[in-house]
Structures are given as C-alpha cells and as structure tokens.
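Input: a single structure, listed below in structure tokens.
Every read-out reported here was derived from the displayed coordinates using simple, explicitly stated rules and does not represent laboratory data. A quick note: this is a predicted structure, and the numbers were derived from the prediction, not measured. Reconstructed Cβ throughout: ideal geometry from the backbone, glycine too, with neighbour counts over all protein chains shown.
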Amino acid sequence: MQKFLVDTHATERMGAQLWASAPAHGVIFLRGDLGAGKTTLVRGLLRAAGVSGTVKSPTYTLVEEYWIAERRVCHFDLYRLHDPAELEWMGFADYLDDSTLCIIEWPEQGGEYLPVPDMSLYLAYSGTGRLLRYEGNLLLDV
C-alpha cells in the first residue's frame, strides 16, 4: 500500500497514525534516501505518543530511547554503523522485549543482526512531497 505525503506536516500526521496502529512491542523498519522524512515520521509518532521534548535523529548516538508510561520506544539510526556486529556489541538484543517498540532507520546496515520486521516503511521523493509505501503485519488507517 502507499500514500502520497504532500509536506512535513502530512508526514508527521502519518507518524501519528502509525502510533495509533503500533503494537506495544515490535520492530518497524524505515527506509529512504537522506532527507526523505524518516525522522520526521518518527517525530510525528512520538508527538502522538505524548513526547513533548526534542525529537532528534540518533545519527551519531545510534539510538534514542523514549519512555511513554510503561512502554519504551527506541529510535535507531544505523546509517553510521560500520559493521553489523556492532549491534551485538551494543546489546541490541536487549531492546527486543515485550515493552519496546523498535523503529530502525537504515536497517540494511544491520544485516543478519536484525529480526524480521513487523512493518517496513519506504519513503521516497515525489515532486515536492514524499511517497510512503508500507508493507507488513500492521494496518495503518489511511
């Protein structure tokens, strides 16, 4: 399925819809070129979840953790990962528990160290907007 997102506001609204559909735990992959709107989508999801502070890309830290009630959302950006084995060294498997939703940008960098995602989202440039394509076990109300 796919949806055209006209601007950053539409991308954030789509993130909010994703939050409404997201399970308490699981893995979502985000793919797209640099600047395609992956972090913008996550910002919309986190705002809908009640996060009011700064939502930044974890490009240099690899992961940003957010606690929403008793639920944890971990936003990963693997763009700067040099070797997929780094995920094992940083204890990635510990994030995969029953109270954590893991959202992973640039999952191709993680190789075999990543589980099969519950959903994959692909953002691509389309004129001045973005085209969002998604597949997986989660249903989005679009």
Listed by chain and number, the residues whose amide H is under 5 Å from that of Gly26, excluding neighbours fewer than 5 places away on the same chain and using placed H, are Thr100, Leu101, Cys102
Using only DSSP helix segments of four residues or longer, with each worth -39500 (n - 2.57), what per-residue ellipticity at 222 nm results for the chain after dividing by its residue count and rounding to 500? -6000 deg cm²/dmol
Check: the stretch 2-136 dipole with +1 on Lys, Arg Cβ and -1 on Asp, Glu Cβ, in debye: 740 debye
Sparse-neighbourhood loop sites, chymotrypsin sites (Phe, Trp or Tyr not before Pro) in the stretch 1-64 - DSSP loop, at most 16 other Cβ within 10 angstrom: Tyr60
Connecting C-alpha atoms closer than 10 Å in a GNM of the chain, tell me which of Thr100, Thr59, Thr128 has the biggest fluctuation. Thr128
Out of all DSSP beta bridges in the stretch 1-106, what portion is antiparallel? Express it as a percent rounded to 5. 35 percent
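Given axes a ≥ b ≥ c from the Cα gyration tensor, I'd like to know whether the stretch 9-76 is rounded (a/c under 1.5), prolate (a/b larger than b/c) or oblate.
Values: a/c = 1.42, a/b = 1.16, b/c = 1.22.
Because its axes are fairly even, with a/c under 1.5, the stretch 9-76 counts as rounded.
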Measure off 7 Å from each Cα along the Cα-to-Cβ vector at Ile68 and Tyr125, then give the distance between these two points in nanometres to one decimal. 3.1 nm
Report the dimensions of the chain along its three principal axes from the alpha-carbon atoms, largest first, rounded to Å. 40, 32, 29
